[in-house]
Amino acid sequence: MDSERDRLTKLLRHVPGLVYELRQHPNGHFCLPYASENLGDIYGVSLSDVAVDIAPLFAAIHRADRQMVWESLQESAQSLGTWHSTHRVNQADGQCLWVSVYGTPERQPDGGTQWYGYLENVTPLQQAQQQSETKLRRIIDNLNEMVFIAAPDGTFSFVSSRFATTLGYAPGELLHTAFTPLVHPEDLPPYLEVFQSILAGERVQDYEYRVRHADGHYYWHSLNLSPFQEDNGKTACLGESSLIHSLKQAEASKVEQVEQKVNLLETIFDVVLAGYWEWDILND
């Protein structure tokens, strides 16, 4: 038996990742009966530290990610679905590693749950993704148009800096807030119909509506809208907005000028016609 384990250990030294066996006892207590040798390189703990109690390993997980990891484990234990978690791990030098963990759960005769899985260091991939996202945001922020993404529940999941600042808000202030309070009450019912059509897969161009800015006034915007697949697989609404308030004001001014000219011509016509009838009566 020991020779089999030694053989497995030697083989796993050449695997670019970490193989583990995780157990949750019926009372909810977690322990790590087995993990390959590079456990310490990632979590800074030895197998003997966590063979009975996994608390030292959880302590190494970034504080902001611990609840997410815990909830995903509990969900996997209840559903017996594959466990997957991507989270940060604190390092002794103050840096963080990104790891992606997969595990297949099995219910044990005593009612506990055992996961057999694999962990890989995805820090380079996460860093490359963050750099790409940063570059993309810089590109979006330098566009003349304002860009946003509205989730199916009607909240902003992405707002470009130009969109926020044009409306008079600080960058990030609109994130995860509902868009409905920003839409003019008269424009909201048709806008919601358009929003639902986008979620159903349609595209809409040059849609005009009024938006409330931070100063409390409503301004005309023109929108191009299209479906957008988010990371969670759900369809959201991608919007590209332009401020057209000055153009709408100019159009309204032209209409007003035309109406004034028409009214003036009608007045002149009425005066001339009245004078003609007066002259005709006097001559008769």
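Select from the range 215-241 the residues that are assigned to a loop (DSSP other than H, G, I, E, B) and of a type in the set (Asp, Glu) and write down the one among them that is farthest from residue 168 (Cα to Cα).
Of the range 215-241, the ones assigned to a loop (DSSP other than H, G, I, E, B) are 215-217, 230-234.
If we keep only those that are of a type in the set (Asp, Glu) too, we end up with 215, 230-231.
Values: 215: 7, 230: 27, 231: 29 Å.
Among those that are assigned to a loop (DSSP other than H, G, I, E, B) and of a type in the set (Asp, Glu), it is 231.
Quick one: which of 169, 209 is closer than 15 Å to residue 146 by Cβ and touching a helix residue (DSSP H, G or I) at 6+ places or on another chain (Cβ under 8 Å)?
On the way: 169 fails: touching a helix residue (DSSP H, G or I) at 6+ places or on another chain (Cβ under 8 Å).
Within the list 169, 209, the selection yields 209.
Kindly indicate which of 189, 171 is over 16 Å from the mean Cα position of the chain (by Cα) and in the same structural domain as residue 236 (by TED's automatic domain parsing). Lay out the reasoning, then the answer.
Details: 171 fails: over 16 Å from the mean Cα position of the chain (by Cα).
When all the criteria are applied, what remains is 189.
Across the range 74-103, what is the total count of residues that are touching a Ser or Thr at 6+ places or on another chain (Cβ under 6 Å) and in a strand (DSSP E or B)?
7
Quick check on my filter: what residues within the range 45-64 are surrounded by fewer than 17 Cβ atoms within 10 Å (Cβ to Cβ) and within 33 Å of the chain's Cα centre (by Cα)?
Going through the range 45-64, the residues surrounded by fewer than 17 Cβ atoms within 10 Å (Cβ to Cβ) turn out to be 46-48, 51-53, 55-56, 58-59, 62-64.
55, 56, 58, 59, 62, 63, 64, listed by residue number.
Quick one: in the range 102-125, which of the residues that are free of Cβ contacts under 8 Å to residues at least 40 places away in the same chain and surrounded by 14 or more Cβ atoms within 10 Å (Cβ to Cβ) is nearest to residue 23 (Cα to Cα)?
105
Go through the range 223-239 and give me each residue that's surrounded by 14 or more Cβ atoms within 10 Å (Cβ to Cβ) and polar (S, T, N, Q).
224, 226, 235
If you go through the range 78-94 one residue at a time, do you hit one that is more than 37 Å from the chain's Cα centre (by Cα) and modelled with pLDDT under 90? Before you say what the answer is, go through the steps one by one.
Of the range 78-94, the ones more than 37 Å from the chain's Cα centre (by Cα) are none.
Within the range 78-94 (the criterion being more than 37 Å from the chain's Cα centre (by Cα) and modelled with pLDDT under 90), the answer is no, since none of the residues qualifies.
Listed here are the residues, each with its yes/no results for (1) over 18 Å from residue 97 (Cα atoms); (2) of a type in the set (Gly, Ala, Ser); (3) not assigned by TED's automatic domain parsing to the domain that holds residue 110.
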| residue | (1), (2), (3) |
| --- | --- |
| 28 | yes, yes, no |
| 31 | yes, no, no |
| 34 | yes, no, no |
| 37 | no, no, no |
| 41 | no, no, no |
| 60 | no, yes, no |
| 65 | no, no, no |
| 68 | no, no, no |
| 72 | yes, yes, no |
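Is it true that some residue in the range 160-178 is among the small types (Gly, Ala, Ser) and touching a Leu at 6+ places or on another chain (Cβ under 6 Å)? I'd like the intermediate steps shown before the answer.
Within the range 160-178, the first condition is being among the small types (Gly, Ala, Ser), and the residues that meet it are 160-161, 164, 168, 170, 172, 178.
Pick out the ones that are also touching a Leu at 6+ places or on another chain (Cβ under 6 Å) and you get 164.
Yes; the residues of the range 160-178 include at least one that is among the small types (Gly, Ala, Ser) and touching a Leu at 6+ places or on another chain (Cβ under 6 Å).
The values are calculated or read from the model by the stated rules, or taken from the named source; none is laboratory data. Keep in mind that what you see is a predicted model, and the values were worked out from it rather than measured. Positions of Cβ are generated from backbone atoms using ideal geometry, with glycine treated the same way; all protein chains shown enter the neighbour counts.
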